[in-house]
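A.B. asks: Submitted below is the structure of interest, expressed as structure tokens.
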Amino acid sequence: MNTGKSSRPMDHAQTAELLVDAIEALTEGMAVYDADNRLVTCNQRYRDMFPMIADLIKPGVSWDDLLRAGAERGQYPTAVGRVEDWLRERLAHHSLFDQNLEVELSNGSVYEVQFSTTRQGGFVVTNTDITERREAETAAREQENILRTVLDTSPIAVVMARLKDGRIVYRSPGATAMFGDRQTALDHYESQKDRDNYISALSETGSVDEYRITLIKADGQRCAVTSWGRLIEFEGETHVVTAMMDLSERQAQEELIRRVLEACPTPIQMTKAETGEVLFTSPETQSLFGMIDKAKQFYANPKTREDYLKLLRLNGSVSEFKAEYINARGERFWGAVSARLIPYNGEEVIVSHTRDLTEQLRIEAELSQKQDQLYQNEKMSAMGELLAGVAHELNNPLSVVVGHALMLREDCTDPEILRQADKISGAAERCAKIVKTFLTMARQRPVKVQRMDINEVVQIAVDVARHSGAEPAQTIDCQLAPGLEPICADPDQITQVFINLILNAEHAMRESGKGTKILVTTQPATAASGIEILVEDDGPGIPDDIRGRVFEPFFTTRDIGDGTGIGLALCHRIVQTHNGWITVSTGPDGGAAFKIFLPFEVEQEAEPHTLASKSGECSSARILIVDDEEDVADLNAEILARSGYEVDVFDQCDTALENLRHHDYALIISDLNMPGIDGRGFFEIISKEFPHMIERTGFVTGDTMGRSSQTFLAEAGCPYIEKPVSPKELRAFVADILSKQEQAGS
């Protein structure tokens, strides 16, 4: 280019200087050797590349000497220990001029060396540092080997195919095992549409994750897979790399788990903690709660779920969390939930099962009722033993008082004496009635069981209560269910129960000044075979702290002298002996509500021998009386003697037995509880020595409620009557036994 300035050629010195500058500016190491293989010149980069022989690299040094020095100084790792052999190999490489070689030094550097010959017979050496490139290539090869090893050993099928035609350029062993040696990925799909949908999803962002699709395996079987796909550029074309996982086994496991959960007999559900959204419910859950999409609908009180969730988040689990729920029929019920809080798809999820407590609570209530009954039975049994002793001690003197009073009335004609005898008789009979009340309460079974109309009994009790002095402002009504089946019960005892309950309610309302209504209702029992009777009032009710004690004997809330504590205990005993139950609660109007259940059938004990009324008949039969109470024995002897019987009286069994061995008697009448040989021992001796007298033996006793007495009388099967005994009853008792003997003899 003409610049307008004159130029002149450089001299040799300038040219040489320029050439030296150019060589020094090179990034490669460069050296020039002459025809004798001696160094003419080199740049500093050339010297730096060979630090172990840098001190020898000077103009005039021969190529062979530099090569030997490098080998001897350990510059070349392949020459260590074999310098001469290595030199011979290298010196023979002059034929490699005009070619590229790679040289590795012991310091790890790798150079690409190019030898170029000159026209004067020398050569030029150019060294390019390729250490980093070699390291990168090595690393790439290692990564490739690792990747290939991973792909070759992974069970996941990986396929790389061209986008435009599906031509497969790579498949992992897992893909080969799944799909065989197919040449195109199109053969993996059931239809072209399936692949088009996959490619369409892939093209939106260049990748897809967990793409579910059904493919065709090498054996022609369909299989569900989940895929991860990427679009990549390779050799100038777009390829699809897809990793696939066979879900067949997983689906089979999931199906097994689902079947197990669906067959599980307990309600299991899976719900989102935050929203309550139902993710899974077993058939048992659906049966219990119905088809509900929100767990919040389970709860009768929505706040309950907040407390439940708070506890669950605090501990991560709950066990037997009790709450009130709503079932599929919209009914409330108590249930217990056990649950675990787990992470699922980035959310808190509750896995739980619910246990319906309805049956358990029913059983617990029934057991509690049974325990209460057992507790009451134990107390009543103990009281029965006590009352049996009391009755025995009272009945003997009462028998004397009642008997002599009645005999006095039979013998006397003086009006004043008769009036006094009536008072004595009335007072004695009143005492006897109290004793019989105690015995009734201690009795283990109803006295007289017969088929009866419960409505009729309730009506009688209401009528009696209405005329027993109820306040004018108080109303006593009854609502009787029509068509009730008759029950088997003792009507007198059951009537007494209702009268006691009504009078108790009337008394409570009168004393408290609260309440005016008493209602007695009959209805069929809902849970058992029998009838329910409710006695409800709107009075003051019974406080919670004493409600459990109202059926205890001698427990009363009335003032001293105003109540005995016997009434409700007697009601409980009578109902219990009829195989029923009685409970008390707060009524709908705040008063007391007594509920009584009576079954249709009740076990009957063998009825005692009935007494034929033959008091007017006289006999000359000889009778043996044994009683340790002299007054009672003399009274009974006098009563029978007036009827024409010949009577022998003894206060001890051994003397009576001695007399029995020498005389013949038509009848033996004995007490039970006596010192020495008692009534049981006396009967056993009679059974052995005088078996013909077993049918001629009867007992008059005031102890029919003691356990030992009850057992003996049931085993012996002999007739008996309870003290106190009136003259009429004693005559009828004796006449009945003698009449049966005559009938048996004829």
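A.B. asks: Among the residues of the stretch 271-304, write down those that are among the basic types (Lys, Arg) and either buried (at least 17 other Cβ atoms within 10 Å of the Cβ) or touching a Gly at 6+ places or on another chain (Cβ under 6 Å) (or both).
C.D. replies: 272, 294, 296
A.B. asks: Just one of 4, 81, 70 is more than 20 Å from residue 117 (Cβ to Cβ), at pLDDT below 80, out of contact with any Asp or Glu (no Cβ under 7 Å at 6 or more places or on another chain) and small (Gly, Ala, Ser); which is it?
C.D. replies: 4
A.B. asks: Of all residues being in a helix (DSSP H, G or I) and at pLDDT 75 or above in the stretch 710-725, which is surrounded by the most Cβ atoms within 10 Å (Cβ to Cβ)? Just the residue, please. Spell out the reasoning first.
C.D. replies: Initial filter on the stretch 710-725 (in a helix (DSSP H, G or I)): 710-716.
Still in the running and at pLDDT 75 or above: 711-716.
Working: 711: 11, 712: 19, 713: 21, 714: 10, 715: 10, 716: 17.
This residue is 713.
A.B. asks: A further question follows. Among (1) open to solvent by 60 Å² or more (accessible area, probe 1.4 Å); (2) outside any loop (DSSP other than H, G, I, E, B); (3) at pLDDT below 90; (4) closer than 23 Å to residue 26 by Cβ, which single condition is residue 90 missing?
C.D. replies: Looking at each condition in turn, residue 90 falls short on (4).
A.B. asks: Would you mind telling me which numbered condition in (1) in a loop (DSSP other than H, G, I, E, B); (2) modelled with pLDDT of 85 or more; (3) crowded, with 21+ Cβ neighbours inside 10 Å residue 446 fails?
C.D. replies: Result: residue 446 passes all but (2).
A.B. asks: In addition: It is to be established whether one or more residues within the stretch 726-733 are assigned to a helix (DSSP H, G or I), open to solvent by less than 40 Å² (accessible area, probe 1.4 Å), among the acidic types (Asp, Glu) and at pLDDT 80 or above.
C.D. replies: no
A.B. asks: I'd like the residue in the stretch 635-653 that is within 30 Å of residue 711 (Cβ to Cβ), open to solvent by 50 Å² or more (accessible area, probe 1.4 Å) and touching a helix residue (DSSP H, G or I) at 6+ places or on another chain (Cβ under 9 Å) and, out of all such residues, is modelled with the highest pLDDT.
C.D. replies: My answer is 649.
A.B. asks: Could you tell me which residue of the stretch 318-332 is farthest from residue 287 (Cα to Cα), considering only residues that are surrounded by fewer than 16 Cβ atoms within 10 Å (Cβ to Cβ) and free of Cβ contacts under 8 Å to residues at least 40 places away in the same chain?
C.D. replies: 319
A.B. asks: Kindly establish whether residue 69 is more than 23 Å from residue 132 (Cβ to Cβ), surrounded by 14 or more Cβ atoms within 10 Å (Cβ to Cβ) and over 60 Å from the mean Cα position of the chain (by Cα).
C.D. replies: Yes: the conditions hold for residue 69.
A.B. asks: Quick check on residue 181: is it surrounded by 11 or more Cβ atoms within 10 Å (Cβ to Cβ) and either free of Cβ contacts under 8 Å to residues at least 60 places away in the same chain or among the hydroxyl-bearing types (Ser, Thr, Tyr) (or both)?
C.D. replies: The answer is no for residue 181.
A.B. asks: Do you know which of the residues in the stretch 506-522 that are under 42 Å from the mean Cα position of the chain (by Cα) and of a type in the set (A, V, I, L, M, F, W, C) is nearest to residue 576 (Cα to Cα)?
C.D. replies: 520
A.B. asks: While we're on this one: Please give the number of the condition residue 161 fails out of (1) surrounded by 12 or more Cβ atoms within 10 Å (Cβ to Cβ); (2) more than 16 Å from residue 231 (Cα to Cα).
C.D. replies: (2)
A.B. asks: Looking at residue 566 and the list (1) of a type in the set (A, V, I, L, M, F, W, C); (2) modelled with pLDDT under 85; (3) more than 30 Å from residue 725 (Cβ to Cβ), which single condition is not satisfied?
C.D. replies: Of (1) of a type in the set (A, V, I, L, M, F, W, C); (2) modelled with pLDDT under 85; (3) more than 30 Å from residue 725 (Cβ to Cβ), only one is false for residue 566: (3).
A.B. asks: Search the stretch 680-697 for residues that are open to solvent by 50 Å² or more (accessible area, probe 1.4 Å) and pair each with any residue that is of a type in the set (D, E, K, R) and not in a helix (DSSP H, G or I) when their beta-carbon atoms are under 9 Å apart and the residues are at least 6 apart or on different chains.
C.D. replies: Sorted first by the residue in the stretch 680-697, then by its partner, the pairs are 689/661.
A.B. asks: State whether the residues of the stretch 659-669 include one that is closer than 17 Å to residue 698 by Cα, among the acidic types (Asp, Glu) and either at pLDDT below 85 or exposed (fewer than 15 other Cβ atoms within 10 Å of the Cβ) (or both).
C.D. replies: Within the stretch 659-669, one or more residues are closer than 17 Å to residue 698 by Cα, among the acidic types (Asp, Glu) and either at pLDDT below 85 or exposed (fewer than 15 other Cβ atoms within 10 Å of the Cβ) (or both).
A.B. asks: Another one. Can you pull out the residues in the stretch 332-351 that are touching an Asp or Glu at 6+ places or on another chain (Cβ under 7 Å) and under 15 Å from residue 308 (Cβ atoms)?
C.D. replies: 334, 335, 336, 338, 341, 348, listed by residue number.
A.B. asks: Could you tell me which numbered condition residue 672 fails, if it satisfies all but one of (1) under 24 Å from residue 402 (Cβ atoms); (2) in a helix (DSSP H, G or I)?
C.D. replies: The single condition residue 672 does not satisfy is (2).
A.B. asks: A follow-up question, please. How many residues does the stretch 640-652 contain that are in contact (Cβ under 8 Å) with a residue 12 or more places away in the chain, touching a strand residue (DSSP E or B) at 6+ places or on another chain (Cβ under 6 Å) and of a type outside the set (Val, Ile, Thr)?
C.D. replies: The total comes to 5.
The values are calculated or read from the model by the stated rules, or taken from the named source; none is laboratory data. Being a predicted model, the structure only gives us computed values, none of them experimental. Methodologically, a virtual Cβ is constructed for each residue, glycine included, from the backbone with ideal geometry; neighbour enumeration extends over all protein chains shown. These area figures cover heavy atoms from the full protein model, side chains too; ligands, DNA and RNA do not enter into them. Shrake-Rupley method; radii C 1.70, N 1.55, O 1.52, S 1.80 Å.
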